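Only one structure is covered here, and it is reproduced in the block below.
The values are calculated or read from the model by the stated rules, or taken from the named source; none is laboratory data. Keep in mind the model is a prediction, meaning the values are calculated, not measured. Reconstructed Cβ throughout: ideal geometry from the backbone, glycine too, with neighbour counts over all protein chains shown. Accessible surface is based on the protein model in full, side chains and every heavy atom, while ligands, DNA and RNA are left aside. Shrake-Rupley method; radii C 1.70, N 1.55, O 1.52, S 1.80 Å.
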Amino acid sequence: MATKEMEETIKIEKPSKNRKKESVPEGEAGQEKSAALSYNMVTKSLTFHGENYEILPIFLAVRDLYASLPFFKELQYCTERLEQDPQDATALFQKAVLMYKARRFETALQLTSQVLKIAPEDHRVWYNRGVILSELGRLEEALAAYDRTIELEPTFEVAWDNKGVVLARLGRFEEALETYEEILLKYPGYAEAWAGKGSILSALGREEEAFEAYSTALRIRPTYLEALTSAGSLLSRLHRFEEALKIYDKALELAPTEPRFWAARGFVLSEIGKHDEALQNCNQALELKPGFIPALETKVKILSEIQRQKVCSSQ
């Protein structure tokens with residue numbers, strides 16, 4: 001059981017009932033307490049009763065423990081199944097997913113390795129391994145995991161999409177574009193792939209083609225917020241502000257409490273000289289998310305422009 005293992009691991013030394021408490025002179029009591037616990041700023045280690053502890057591992061262990069707490073019951077269920085059968089691939093896989101959700105990526109990765117020893121041709125495990133490796137920044141390995149996923153299950157659309165994302169992160173944009181075009185030949189109604197293709201085309205400086213790709217994604221799924229975000233940003237860069245404004249209006253209909261849309265709308269309004277409305281939009285973003293940097297930057301820009309105009313008009 002998970003609880004039993006924790007109890008066995010954490011050993012607390014208890015004073016013996018027969019052991020006499022050593023007396024400490026009153027004047028030296030503070031010294032004794034200070035000597036029992038000290039922190040070394042250079043080595044970043046804690047000394048407690050002569051034992052040294054590195055702070056970072058302790059912090060990481062506590063962080064991982066708290067991150068796992070929301071999934072305690074599910075983890076306990078997996079542990080119980082694995083106690084009965086250590087080769088239970090389903091329980092190992094579920095535990096790997098839970099560890100990923102708890103952001104314990106190294107543990108999740110180790111668990112996928114165990115599952116693959118039992119079920120080496122399960123495309124779901126390879127896919128999850130790719131996701132974990134990507135989170136860890138091990139992009140070449142993630143790419144290999146996605147390739148293996150596609151080899152085992154060519155119709156698994158999301159693996160193609162993630163492969164394109166990883167290739168883009170590696171700066172291999174032409175290969176990423178080929179990946180998206182290949183999947184769109186098979187699944188022309190896959191909105192995520194159209195949006196991914198748009199991002200690659202935008203990175204390659206092919207803005208008009210990128211906008212058409214985003215538009216296709218939105219024709220397939222009009223409520224696709226990420227495609228709306230990308231299309232609005234691209235139109236802003238192209239100085240097509242009125243079109244960008246319509247995009248952000250649509251986005252805010254779908255997600256009225258999303259601060260990034262209010263901030264983006266504020267920026268567009270500031271570019272076409274509607275400073276009062278732009279300020280209102282930035283303030284709305286900051287009310288939803290205090291300290292939101294894009295809103296703050298746009299607000300400072302607007303206030304500076306208003307001040308400049310006042311100075312000019314007074315001269």
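A few comments on the model shown:
- Any hit, segment 198-208, residues being at negative phi, within 21 Å of the chain's Cα centre (by Cα) and at pLDDT 95 or above: yes
- Among the candidates 298, 223, 216, the residue that is of a type in the set (Val, Ile, Thr) and outside any helix (DSSP H, G or I) is uniquely 223.
- Of the residues making up segment 158-191, those that are part of a helix (DSSP H, G or I) and either open to solvent by 60 Å² or more (accessible area, probe 1.4 Å) or farther than 17 Å from residue 127 by Cα (or both) number 16.
- The combined condition, being of a type in the set (Gly, Ala, Ser), over 26 Å from the mean Cα position of the chain (by Cα), farther than 24 Å from residue 196 by Cα and not in a helix (DSSP H, G or I), is not fulfilled by residue 291.
- Taken together, the residues in segment 115-157 that are of a type in the set (Lys, Arg), out of contact with any helix residue (DSSP H, G or I) (no Cβ under 8 Å at 6 or more places or on another chain) and in a helix (DSSP H, G or I) amount to 1.
- Residue 260 being more than 17 Å from residue 280 (Cβ to Cβ) and either surrounded by fewer than 23 Cβ atoms within 10 Å (Cβ to Cβ) or of a type outside the set (Gly, Ala, Ser) (or both): no
- Flag for residue 146 being more than 23 Å from residue 95 (Cα to Cα), out of contact with any strand residue (DSSP E or B) (no Cβ under 9 Å at 6 or more places or on another chain), without any contact (Cβ under 8 Å) to a residue 40 or more places away in the chain and of a type in the set (Ser, Thr, Tyr): no
- Qualifying residue in segment 268-280 (condition: in a loop (DSSP other than H, G, I, E, B) and touching a residue at least 12 places away in the same chain (Cβ under 8 Å)): yes
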